[in-house]
Amino acid sequence: MILKSKQIKVGCCGFGESMQHYFNEFKLVEVQKTFYQPPRLETAVKWREMAPEDFEFTVKAWQLITHEPASPTYRRMSKKIAEEDKTKYGAFKPTDEVFAAWEQTKEVARALAARIIIFQCPARFAPSEENIANMHKFFTSIDRQDFTFCWEPRGEWPQETILHLCQELDLVHCVDPFKQQSLYGSIRYYRLHGVTGYRYKFNALDLKLLLDKCDADRVNYVLFNNVSMLEDARRFLAIAEK
């Protein structure tokens, strides 16, 4: 749903209930499966066909691009990485394996008619010269087509570095607005992880503050990613519509 007073799109990171029920309640979802193990293209096409015409999918890029195999998130992959190949994945490394992971992410995004792709980095992805160089190589080498790229850095990144990279590489700075301010981008892309963690339930004051944090001059994507995300997203819609 787009709220007219401010341009706000509300949804969840993952469905959290049956797809059909979700489609009846929301007009936006961030697909999480693409991060752990992208679905088959036939599955993505089926999801697109099941969804209403005005429903929007956004896609989280495959972890093979952003996370190294030491990440515990790799446990949810059906594909196992051979020990001798583990240095070839993650951290935007300019390897055939990382670029192949991008191609698969891109194809699923196209099948879903998704326009936005989110690159979430682990906290261990630090602002080192090597990591920054890898980002430059990756984002200047791939075919962006008409996608909007959102980058969610975590860990200790200087604001000046984030801003410079977003400007130079045309990235939307994706943030949890309760933790930091978005520094750059044609849209605002907010991922709500919970003020004190995943089990946090947003109260009415939180949700009113969230509404205030939405930018009146940009389209705001507000995605809840906490244990009570469905309930909190519903309540945020109710508050924002008043």
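Taking a temperature of 25 °C and a viscosity of 0.890 mPa s, what whole-number D in µm²/s does Stokes-Einstein yield for segment 134-242 with Rh from Kirkwood over alpha carbon pairs?
The estimated diffusion coefficient comes to 163 µm²/s.
For segment 172-218, evaluate the Debye formula with one uniform point scatterer on each Cα (no solvent term) and list log10 I(q)/I(0) at q = 0.15, 0.22, 0.24 Å⁻¹, rounded to two decimals.
After summing over all Cα pairs, the log10 values are -0.39, -0.78, -0.90.
Averaging over every viewing direction, what projected area does the convex hull of the Cα atoms of segment 24-153 cover, in nm²?
Mean projected area of the Cα convex hull: 8.3 nm².
Please report the equivalent ellipsoid semi-axes of segment 1-93, computed as sqrt(5 x eigenvalue) of the Cα gyration tensor, largest first, in whole Å.
Equivalent ellipsoid of segment 1-93: 31, 15, 10 Å, largest first.
May I ask for the angle, rounded to the nearest 10°, between helix 229-240 and the longest principal axis of the chain, with both axes built from Cα atoms and the value confined to 0 to 90°?
It works out to around 50 degrees.
List the pairs from LYS106/LYS137; LYS46/LYS80; LYS27/LYS179; LYS60/LYS106; LYS79/LYS137; LYS93/LYS179 whose alpha-carbon separation is above 19 Å, in the order I gave them.
LYS46/LYS80; LYS27/LYS179; LYS79/LYS137; LYS93/LYS179
Can you give the three extents of the C-alpha atoms in segment 83-181 along their principal axes, from longest to shortest, in whole Å?
36, 32, 23
For the chain, take every pair of Cα atoms, bin their distances at 5 Å starting from 0, and report each bin as a whole percent.
1, 6, 14, 18, 20, 18, 13, 7, 2, 1, 0, 0
Using helices alone, what [θ] at 222 nm do you get for the chain, with -39,500 (n - 2.57) per DSSP H run of 4 or more residues, divided over all residues and rounded to the nearest 500?
Details: 9 runs with 87 residues, N = 242.
So the calculated ellipticity at 222 nm is -10500 deg cm²/dmol.
Which order results if VAL172, VAL45 are arranged by neighbouring Cβ count within 10 Å, fewest first? Could the numbers behind the result be given before it?
Working: VAL172 23, VAL45 16.
Ranking VAL172, VAL45 by Cβ neighbours within 10 Å, fewest first, gives VAL45, VAL172.
Among the chymotrypsin sites (Phe, Trp or Tyr not before Pro) in segment 164-242, which ones are in a DSSP loop with at most 11 other Cβ atoms within 10 Å of the Cβ? Mind listing them?
Answer in residue order: TYR198.
Using Cβ contacts closer than 10 Å as the measure, can you line up HIS67, HIS164 from fewest to most?
HIS164, HIS67
Per-residue counts of other Cβ atoms within 10 Å, averaged by peptide: what ranking do you get for 77-86, 99-108, highest first?
99-108, 77-86
Where a ≥ b ≥ c are the square roots of the eigenvalues of the C-alpha gyration tensor, would you call segment 95-148 rounded, which needs a/c under 1.5, or, failing that, prolate if a/b is larger than b/c, or oblate?
Details: a/c = 2.09, a/b = 1.77, b/c = 1.18.
Prolate.
Read-outs: derived from the displayed coordinates by stated rules, not from any lab. Since this is a predicted model, take the numbers as computed values, not measurements. All Cβ positions, even for glycine, are placed from backbone atoms using ideal geometry, and neighbour counts span all protein chains on display.
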